[in-house]
Structure formats: structure tokens, C-alpha cells
Amino acid sequence: MQNYKAPQRDALFLMREILNFDEHYAELGFQDASPDMISAIFAEGAKFAENVLAPLNQVGDDQGCEWQEGEVTTPDGFKEAYQQYVEGGWPSLAHPEEFGGQGLPYSLASVLAEWVSGANHSWAMYPGLSQGCMETLKAHGTEQQKKQFLPQLVEGRWTGTMCLTEPHCGSDLGMLKTKAEPDANGMYSITGTKIFISAGEHDMSENIVHIVLARLPDAPQGTKGISLFIVPKFNVGTDGELLDRNAVSCGSIEHKMGIKGSATCVINFDGAKGYLIGTPNKGLHCMFTFMNMARIGTGLEGLAATEATFQGALSYARDRLQFRSARGPQNLQGPADPIIVHPDVRRMLLTQKAFREGNRALAIYCMQLVDKTLYSQDADTRKLAESKLALLTPIVKAFLTETAQEATSYGMQVYGGHGYIKEWGMEQLARDTRICTMYEGTTGIQALDLLARKVIGSQGELLKLFTQDVRDFCHQTRHTTQFSEWSNTLEQLLDQWLQLSDDIAQRAANNPDEIGAASVDYLMYSGYITVGYFWLRMAVEAQQKLDAGTTEKDFYVSKLYTARFYFDKLLSRTRSLVTSMEAGADSLMAMEEDQFLIG
């Protein structure tokens, strides 16, 4: 198995040279987030990912988790790695000092989260869910709730979950049945069953704080009648001290295709003590604080897998000798040439590389926007960032995870038959990453959110807001001969993007199925254009560095060649997506249900 290496240089390139994070942090008042401090944090985070977590990745896959009488044991080394994580102060990095945090920005912790996931996806699930739990408490909890729960969560002694899905309702949360009965003490008795709860039970922390959706007795039907509750595994005193065991139990764990070291639990609440968060019947609104950050986090998991599979495939392609190059022997001292000389292997590697770097640019840009929504003191700045995030979040979640399926498939393919063999690690990446298109809202749900709610629902305003940024940059580069073709291509696609959006909206006025029929193609089309914008920005910066006589010539030349590949081979996929969108809903919906025949 290829040893994972955290992509420090690429992250710093994006943060410092493309997105100007030094000025960004200064404007938000993060004086401690200096370039030297960031480099030091990245170096230590990389060591932890590479030396502690990566060696446990295959262990987790081999052993999985063990359930016995409601208790879950994690794979060998997972608990000890988590203690190192806590002792290193990593859980507290981006949380307020008043709760024991280090007061650093969300984006800094999120870059590290990619590396943690790239090194060991299963392990990363345990602390990963805690972040959204803490953000929900910070945004919607009372002062007493924050005092009771946040210090221990921030320290990492406790972990958190999100409990939405139930056996009968899946993503249709309006159907959930978990009940919340008020008691005489102002608390609530929570009863029901939740499924697919990542990190719902384990042996790595002292307590687990569940954020649970449930219905009050007089709640209206549907999503308008959902409230949100804190339900800890162990009851908690007013000062945060642990008390007796709450009526929360793990009924079983799922036997999964991948991320086997992550406990995916059935959690039963049998009259468990809970605390209402926010306003009654407004729980889904509060939960979106959790869900939106989780969706970006899931996009990062897709990015992390793309990085890891590229590293493995590249290493193998450089070493594996098979056949001779069509151009004649390249490895004169060997019996064959390394497979990296063959065009089809190059196609797969460059596709991985283009998604690896282009998707990371989009992800870190969105992290920057999240920073602004969380920390900016200027209302207009926050509003603008929120609007851009509204459009881009479903793209980050779905595009980065869908392209990860392609990248991890290529990771196996580059290895040939060896890619299908467990010891090499490529098939594990494909299995582990498959879930990313499903949880936190499937690709189809993200696509409907993007097209129906964000684009058509805003009458195109959110889309125009972002495309204007892209158009402005294209205007800056259109007179640069080297990049004029790419910028012109992007501008044409922007016009087409707006026109397609309008066309689908008009067709949907007569046939609502038109939105669902076009939505996934629309999302992928949007993703290719968005990532193309960031590749143009990276290419322009790379050329400027080369013109200035950089000492890192290979790094920047590599950016230019990969950008060229993206514009030639990947951005052109938008054409077939347009053809599919323009075909409409008829061929999807014409067949009657009983005409879907078997045999």
C-alpha cells in the first residue's frame, strides 16, 4: 500500500497564492494565523496523518468494529490514536477560547480534516461528526447548554453525532416518528430509533452527545413539526460533570461495503433525557447548521480519496514495467517501459490529478466563505458569503464525491489486476468512498437543492452572483494570448449556464418533472464549469511565477499542463451533459411502472 503524504504544498499554494488567505485572516482578526504558524500547524498535522493514522487504515478495514451487548469496540490502535489527537489539541483548533478552544479559523481545521480523511477515512468519522455538533450548539444552544456540553466536546473528551434518519423515512425527514415528551422539569423524554448513525457508539471518548430530531406531542405534520434535542449517552450535570447512564443504547452496527472501522449504528432512545435546542418545531432549521457543514465535510472526504488514490496510482505507474512505448523504448536498461508512458494510463492519472487539484481549489474557496459567514463583523460581507455558499455547497458535496468515484476506479484500473487485490489498498479506497455520494443527502438530493431551490428558487440571482465573479476574471485574462481561448470558453459556458437554467425553469412551469430529469446533469455541468474557473486562476498564477523565475519550476509547469488537460479533456464533458438536459423528461417518465420488466 502506498504511504499517504499530506498535500501541504498544494494547500499552501491555494491559500497563499490563489485565495490570499494572509489578508483574509488579517481582515477577520486572526492575528495568530500567521504564515509561520500555519506552516507549523500543517507540518505537525501532516505528521499525525502520515505516521499515526495512515498505518491504521488497513487495520480498520481488516478488523472492523465489534458490537457486543450494546457496546462497540473499535479496531486496534483507533482509541490510542484518538488519545494522541486529543493530547495534541487538534479537536479544539477552530473553536472559541471561552470554551477551551484555540480560537483559530474554521478553514485551517478543515484543510487538516482532508488530510485526516485521506490517511484514514474510517477513523476520521469519529472526530468529524463532532464538529457539526459543536457548531449547532454554538449557533442555537442556550448559554447553559453551551456551558454543559461545549468545553468537553471542544477538548475532545466527548464526541458528537447527528441523528436524523429512521428505518422508514430515509431522507424524507417529514416522516420521522421519534417522539419528545416534555416533563415537569423542563426536560424532554425522547423515544424512537435512529439508523445509520456514524460514530453513534464507540470506546474512544468518555461521552457521546447526540443531536436528535424528534416530534413534540402537538407538532404539525411534515417538516414543519420537527424539533431538535441534545441527548447525551451519559447524563450531564449543570457544570458538565458526568452522571448516570441515559436511556440511549446501540441496538446493532451495520456490516458495510467500506469504512469498516467506523461504527455505523442503530441507536435506540427509550425515554432518554433530552434538552430542546432552539425553538419548538424549528429543529430542521437548526439542524441545517450541522448538515451544511457536514455536506462540505463530505465533499472533503471525496477530495481526500481522490488525493490518496492518485498518490497510489502515480507511484505504481512509475514503477510497474509493462510493454514498450509506442514512441519506442524509454527504459533502455529494463525489459519494458514503466506504464506511465502509455497514453491511457496518462489519461487516468491526469484525470485524477485534475480533479485532485481543481476540486481542492473549490473546497478551500468554500472554506474561506464559511470563515466569512462565521467571523466577519460586516453584515454585507456575511450576506454575500452566505449567498455564494448557498449555491456552491451542493456542488461541493456532490461533484467532489461523484468525481471521487471516477478517481478511485481509475486508481484500481492503473494497477490492473493488482488493483482488485486487497493488499494494495486501491480497492479499499473505492469501497470506502462509495458512501460519500449517499450520506448527507444523495447526489440526487443535492442536485434538486441546487437547481430547484438555489437557482430557480432565487430566480437565478444566486447563480448570477457567482458567475459574475467568473466573468470578471475571464475579462481580466481574455487579452492574454496564452489564456484567451480558455477564458473565452468559460465565458461561453457561463452564458449557456444561465440560458439552460432559464430553459429548464420554463419547461418546469408546464411539467414539474423537468427539474428532476435535468438536475443531476445540471449539477455535474455546474461543477465542471466551477472547477474550470479555478483551473484558469491557477494557470494564470503559475505562469506569473514562471515568468518571475521561480525556483519551483516543475511545480508550476505541472499546473499549466494539468490545466491544459482539464480544458481539453474534462471541461468538454459539458457538451454531452447539455444534450442530456435538453432531451427533457419524456424518455424518463413515459414508461408505466408495470412496464419495468424482468426477464
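The values are calculated or read from the model by the stated rules, or taken from the named source; none is laboratory data. Just so you know, these numbers come straight off a predicted model, no measurement behind them. Neighbour counts are summed over all protein chains in view; Cβ atoms, including those assigned to glycine, are modelled from backbone coordinates with ideal geometry.
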From the options 529, 515, 598, residue that is aliphatic (A, V, I, L, M), outside the structural domain of residue 442 (by TED's automatic domain parsing) and surrounded by fewer than 19 Cβ atoms within 10 Å (Cβ to Cβ) = 598
Hey, could you check the stretch 559-582 for residues that are free of Cβ contacts under 8 Å to residues at least 24 places away in the same chain and of a type in the set (Gly, Ala, Ser) and say which is nearest to residue 519 (Cα to Cα)?
-> 576
Please work out which residue is farthest from the chain's Cα centre (by Cα), limiting yourself to the stretch 371-396 and to residues that are crowded, with 17+ Cβ neighbours inside 10 Å and among the polar types (S, T, N, Q).
-> 376
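May I ask you to verify whether residue 54 is closer than 16 Å to residue 123 by Cα, modelled with pLDDT of 95 or more and either among the hydrophobic types (A, V, I, L, M, F, W, C) or in contact with a strand residue (DSSP E or B) (Cβ under 9 Å, 6 or more places away or on another chain) (or both)?
Criteria met by residue 54.
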Give me a count of the residues in the stretch 211-247 that are without any contact (Cβ under 8 Å) to a residue 40 or more places away in the chain and not in a loop (DSSP other than H, G, I, E, B).
-> 7
Please verify whether the stretch 453-474 includes one or more residues that are under 27 Å from the mean Cα position of the chain (by Cα), buried (at least 21 other Cβ atoms within 10 Å of the Cβ) and closer than 12 Å to residue 522 by Cα.
-> yes
Residue check, residue 477 against (1) assigned by TED's automatic domain parsing to the domain that holds residue 302; (2) surrounded by fewer than 21 Cβ atoms within 10 Å (Cβ to Cβ); (3) among the β-branched types (Val, Ile, Thr), all met but one. Which one?
-> (1)
Within the stretch 118-140, restricting attention to residues that are small (Gly, Ala, Ser) and closer than 15 Å to residue 95 by Cα, which residue is surrounded by the fewest Cβ atoms within 10 Å (Cβ to Cβ)?
-> 139
Search the stretch 464-492 for residues that are at pLDDT 95 or above and of a type in the set (Asp, Glu) and pair each with any residue that is surrounded by 14 or more Cβ atoms within 10 Å (Cβ to Cβ) and outside any helix (DSSP H, G or I) when their beta-carbon atoms are under 9 Å apart and the residues are at least 6 apart or on different chains.
-> 491/478
Which residues, counting only those in the stretch 151-177, are within 19 Å of residue 94 (Cα to Cα), crowded, with 21+ Cβ neighbours inside 10 Å and touching a Gly at 6+ places or on another chain (Cβ under 8 Å)?
-> 152, 153, 154, 160, 161
Within the stretch 436-475, tally of residues that are more than 21 Å from residue 504 (Cβ to Cβ) and in contact with a Gly (Cβ under 7 Å, 6 or more places away or on another chain) = 1
Taking residue 111 as meeting all but one of (1) farther than 24 Å from residue 229 by Cβ; (2) surrounded by fewer than 24 Cβ atoms within 10 Å (Cβ to Cβ), write down the number of the exception.
-> (2)
Within the stretch 318-337, how many residues are among the acidic types (Asp, Glu) and surrounded by 14 or more Cβ atoms within 10 Å (Cβ to Cβ)?
-> 1
Determine which single condition residue 286 fails, assuming it passes every other condition in (1) part of a strand (DSSP E or B); (2) within 21 Å of residue 180 (Cα to Cα); (3) of a type outside the set (Phe, Trp, Tyr).
-> (1)
Within the stretch 232-239, can one find any residue that is out of contact with any Leu (no Cβ under 6 Å at 6 or more places or on another chain) and at pLDDT below 95?
-> yes
Lone qualifier among 289, 306 - being touching a residue at least 12 places away in the same chain (Cβ under 8 Å), closer than 24 Å to residue 393 by Cα and surrounded by 23 or more Cβ atoms within 10 Å (Cβ to Cβ) = 306
Within 20 Å of the chain's Cα centre (by Cα), in a loop (DSSP other than H, G, I, E, B) and of a type outside the set (A, V, I, L, M, F, W, C) - does that describe any residue in the stretch 86-95?
-> yes
Run residue 30 past the list (1) surrounded by fewer than 22 Cβ atoms within 10 Å (Cβ to Cβ); (2) within 19 Å of the chain's Cα centre (by Cα); (3) not polar (S, T, N, Q); (4) not in a helix (DSSP H, G or I) and report the number of the one that doesn't hold.
-> (2)
Failed item in (1) surrounded by fewer than 17 Cβ atoms within 10 Å (Cβ to Cβ); (2) polar (S, T, N, Q); (3) assigned to a loop (DSSP other than H, G, I, E, B), with residue 315 passing the rest = (3)
Are there any pairs, at least 6 apart or on different chains, whose C-beta atoms fall under 6 Å, with the first in the stretch 585-599 and at pLDDT 90 or above and the second hydrophobic (A, V, I, L, M, F, W, C) and surrounded by 10 or more Cβ atoms within 10 Å (Cβ to Cβ), and if so, which?
-> 585/517; 588/517
Top-ranked residue of the stretch 165-210 - restricted to ones that are among the β-branched types (Val, Ile, Thr) and without any contact (Cβ under 8 Å) to a residue 60 or more places away in the chain, ranked as nearest to residue 445 (Cα to Cα) = 165
Just give me the residues in the stretch 361-412 being touching a residue at least 12 places away in the same chain (Cβ under 8 Å), closer than 21 Å to residue 20 by Cβ and among the charged types (D, E, K, R), in sequence order.
-> 371, 372, 386, 388
Might you let me know whether the stretch 44-66 holds any residue that is closer than 22 Å to residue 102 by Cα, of a type in the set (A, V, I, L, M, F, W, C) and without any contact (Cβ under 8 Å) to a residue 12 or more places away in the chain?
-> no
From the options 546, 536, 577, 571, residue that is in a helix (DSSP H, G or I), modelled with pLDDT of 95 or more and surrounded by fewer than 20 Cβ atoms within 10 Å (Cβ to Cβ) = 546
